[in-house]
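Where a number appears in this text, it was derived from the coordinates with a stated rule and is not lab data. Since we're looking at a predicted model, the values are computed, not measured. Please note: Cβ atoms are built from the backbone with ideal geometry, for glycine as well, and neighbour counts cover all protein chains shown.
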Amino acid sequence: MTTDDLWLVCWETGPDAGATWTLRAGPHLVGRAPHATVRSTDPALEPFHADLSLDHHGPVVRQLAGRLPLRHHGPDEHRVRRVGVGHSVLAIRSGGAAPQRAHGPGSQRTVLRTPRQVPRWAPEPVRIEREPAPPKRPAGGLAPAVVALVVTAVMAVVVRQLMFVMFGAVGTVAALSHWVVARLGHRRDLRDHARHVERTRAHVASALDEQRNAWVRYVTRSVPTLPDACATLTTGRELWQRRIGDDDAWTVSLGLGSVVWAPVVQSDGLLADTPSCSVDDLPVAASLGPGARMSVAGPHGVALVNAMLLQLAAGTGPADWQLVVVTAKPDDWRWVGHLPHARDESGRHLVLDEAAVLDAVRDGTLTARHTVVVTDHAAGLALRTSPLRRLEATHPSLALVVVHDGAAPALCRSSVVTMSDARARLVSDHGSDLDPITLRIAAVPAASAERWAQAISACRDPEDERTSGTDVPLCVSWREVMLESGLDPDDHDSIASRWRAGGPDPQPRTPIGRAGDGVVDIDLVRDGPHALLAGTTGSGKSELMRSLVLGLSCSVSPEHLTFVLVDYKGGAAFDELRSLP
């Protein structure tokens with residue numbers, strides 16, 4: 001069975017947000033019944049609410065029962081189709097993969113990052129030309145011709161010459177003809193003007209629709225959603241692809257709602273202000289980057305924070321950020337300990353009480369990396385001298401998320417208030433005049449969050465300085481390293497063979513030690529030609545220099561390499577190397 005025959009089905013919003021199934025093609029039932037394939041505790045669902053059919057033509061969802069109609073949304077850039085079922089939203093993703101294998105206790109898996117195309121939004125402005133003025137009505141009319149005809153008639157009566165009447169009639173006919181032609185031409189010009197305006201408006205409307213669709217695609221690609229995170233945690237694909245330099249490195253989705261789109265237009269060569277509009281059922285983004293201060297309240301506050309942390313943990317690796325939870329109720333946040341982002345160098349979980357925060361700062365546990373601090377102790381932010389306030393004021397790169405039941409702390413710039421029906425009210429910036437946003441939130445219960453966190457608990461970030469040395473042996477002999485490189489330093493034939501294999505221009509390269517992923521060598525051409533070896537007294541500088549000289553002498557013949565050994569400490573460092581050829 002290929003991956004195209006598998007589907008990932010995930011509740012994106014609702015009481016069971018984050019619940020995911022890997023399904024084969026065929027019919028499946030959606031509902032609250034225990035025997036339903038895709039289950040939910042949403043009270044708006046019937047036991048067997050809908051039928052989900054999966055095949056190569058795409059997913060088809062048909063309602064079987066229930067009062068609320070299904071709400072269908074088209075597929076986005078990730079081949080994800082969303083369907084509103086009851087008060088929840090179901091995300092259906094094609095081309096799924098089997099879940100990654102679980103690792104045994106103590107085992108680790110090094111994550112290999114794959115290339116990623118970072119979405120950009122730089123649209124071409126839609127050109128809006130000023131509409132031309134409608135054609136003017138032609139000057140003149142029939143009055144002069146009528147007056148002329150009357151005058152000539154009077155003159156004909158006075159002078160008793162009918163010729164004057166004929167002259168007046170000819171002039172009147174000529175004037176009438178000119179008036180008719182002008183009127184017909186004016187009507188034609190009006191029709192042409194109306195068609196031109198209609199074509200121009202249709203072209204602008206089409207260009208704005210294209211820009212809007214492109215913006216929607218950009219939003220769906222740049223804002224990671226809970227189904228995206230669940231797919232990554234399930235399959236291991238795209239794990240930790242976002243890096244600290246990416247614009248969307250700290251972006252998470254709060255759920256689905258209306259997002260404001262401002263068209264980019266150009267009028268008379270200048271960017272013009274145009275009325276913005278809202279686009280429904282798009283991911284509502286929030287940032288957990290440096291300087292973020294967010295408060296989350298309401299009955300689903302903790303579950304919403306769980307979803308945010310899972311998304312960030314799936315997208316960005318522990319080499320770029322660390323998670324610290326400050327709480328007096330560690331059992332509520334036990335699942336966080338499974339995330340590799342929430343451990344210090346010794347493997348201790350960074351779920352701390354307030355008293356341990358200052359200790360963590362003093363002993364270097366909280367490094368200069370970006371740190372996301374989550375706390376359910378809002379009162380600890382009231383005093384300027386409290387450990388939380390000290391950490392908030394002194395850490396160079398910190399995001400703070402406060403989960404509370406009362407009023408939002410004053411230092412929080414944005415706030416989310418969740419409601420009992422899995423909706424929320426978001427104020428993205430208290431210092432602006434932006435209107436609050438109502439959205440359907442992605443809220444993950446602690447039990448589900450723990451299962452997702454366990455999926456990456458054994459993953460190791462090779463670029464994380466805290467764990468990159470965990471596999472390095474405490475000591476290694478020079479002979480072992482040389483043997484691993486394919487050369488036996490005790491065998492003259494092996495050394496001679498290595499000299500001959502170097503050819504007329506051998507590489508001055510030799511192993512100098514072993515790292516977590518194998519032997520490390522140094523090449524004087526590739527890495528040099530100059531090198532500086534620094535260290536305190538007794539750290540092994542002389543031993544490393546002797547290993548370097550011995551290794552190079554075994555790898556390159558004396559015909560191609562000569563050593564000049566200078567020792568300002570009496571020659572003790574290189575005395576034993578005098579016999580080298």
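Between THR200 and LYS569, what length comes free when the chain is fully extended (0.36 nm per residue of separation minus the Cα-Cα distance, one decimal in nm)?
124.2 nm
How compact is segment 500-581 by the rule of thumb for globular proteins, expressed as Cα Rg over 2.2 N^0.38 Å?
Normalised Rg, Cα atoms only: 1.16.
Taking Cα pairs under 8 Å and at least six residues apart, what relative contact order does segment 3-94 come out at, in percent?
It comes to 28 percent, rounded to a whole number.
Taking the Cα atoms of segment 332-411, what is the range of coordinates along each of the three principal axes, in descending order and whole Å?
Computed over the Cα atoms, the extents are 36, 26, 21 Å.
Let's test the formula: R0 of 56 Å, r as the Cβ-Cβ distance of VAL476 and ALA214. What FRET efficiency results, to the nearest 0.05?
For R0 = 56 Å, the calculated efficiency reads 0.50.
Largest first and in whole Å, what are the equivalent-ellipsoid semi-axes of the chain based on the Cα gyration tensor, each being the root of 5 times an eigenvalue?
Equivalent ellipsoid of the chain: 72, 38, 26 Å, largest first.
Which angle from 0 to 90°, rounded to the nearest 10, does the C-alpha axis of helix 541-555 make with the longest principal axis of the chain?
Roughly 90 degrees between the two axes.
Considering just Cα atoms, how many Å³ per residue does the convex hull of segment 194-281 enclose?
With only Cα atoms used, segment 194-281 gives 138 Å³ per residue.
Cross-link partners among aspartates and glutamates for LYS329, C-alpha distance below 17 Å, same-chain residues fewer than 8 apart left out?
Correct list for LYS329: ASP353, GLU354, ASP376, ASP405, GLU450.
State the answer as a single residue: which of ALA356, VAL296, THR385 lies farthest towards the positive end of the charge dipole of the chain, with beta carbon charges of +1 for Lys and Arg and -1 for Asp and Glu, about the Cα centre.
VAL296
Of all DSSP beta bridges in segment 201-337, what percent run antiparallel (nearest 5)?
DSSP beta bridges in segment 201-337 are roughly 90 percent antiparallel.
With an 8 Å cut-off on Cα pairs and a minimum separation of 6 or more residues, tell me the relative contact order of the chain in percent.
Computed over the chain, the figure is 12 percent.
Taking every DSSP beta bridge that has both residues in the chain, what percent is antiparallel when rounded to the nearest 5?
65
Could you derive backbone 3J(HN,Hα) for segment 36-52 from the dihedral phi with the Karplus parameters 6.51, -1.76 and 1.60 (θ = phi - 60°), listing whole Hz in sequence and x where the residue is Gly or Pro?
Coupling constants for segment 36-52: 5, 5, 9, 9, 7, 9, 4, x, 7, 9, 7, x, 10, 8, 8, 10, 10 Hz.
I need the per residue convex hull volume for segment 236-460, using only the alpha carbons, in cubic angstrom as a whole number.
147
Determine ³J(HN,Hα), in whole Hz, for all residues of segment 438-447 in sequence, where each value follows from phi through the Karplus function 6.51 cos²θ - 1.76 cosθ + 1.60 and θ = phi - 60°; x replaces Gly and Pro.
So the Karplus estimates, Gly and Pro as x, are 9, 9, 8, 8, 9, 10, 10, x, 4, 4 Hz.
How big is segment 3-94 in terms of Cα radius of gyration and Dmax, in angstroms?
11.8, 35
For each of LEU310, LEU226, LEU350, LEU544, count neighbouring Cβ atoms within 10 Å of the residue's Cβ, then give the residues from fewest to most.
Neighbour counts put them in this order, fewest first: LEU544, LEU350, LEU310, LEU226.
Compute the angle between helix 492-501 and the longest alpha-carbon principal axis of the chain, please, reported from 0 to 90 degrees and rounded to the nearest 10.
The angle comes out at about 30 degrees.
Run the simple label-point estimate for VAL181 and ALA33 please: 7 Å along Cα→C-beta, distance reported in nm.
8.4
In nm, to one decimal, how far is the modelled label at ARG130 from the one at ASP247, with both set 7 Å along Cα→Cβ?
3.3
Using the Karplus equation 6.51 cos²θ - 1.76 cosθ + 1.60 (θ = phi - 60°), what ³J(HN,Hα) coupling, rounded to whole Hz, does each residue of segment 394-411 give in order, writing x for Gly and Pro?
Using θ = phi - 60°, the values come out as 9, 6, x, 8, 9, 10, 10, 10, 10, 9, 8, 10, x, 6, 6, x, 5, 6 Hz.
Ignoring everything except DSSP H segments at least 4 long, calculate the 222 nm mean residue ellipticity for the chain; use -39,500 (n - 2.57) per segment, divide by total residues, nearest 500.
Result for the chain: -9000 deg cm²/dmol, rounded to the nearest 500.
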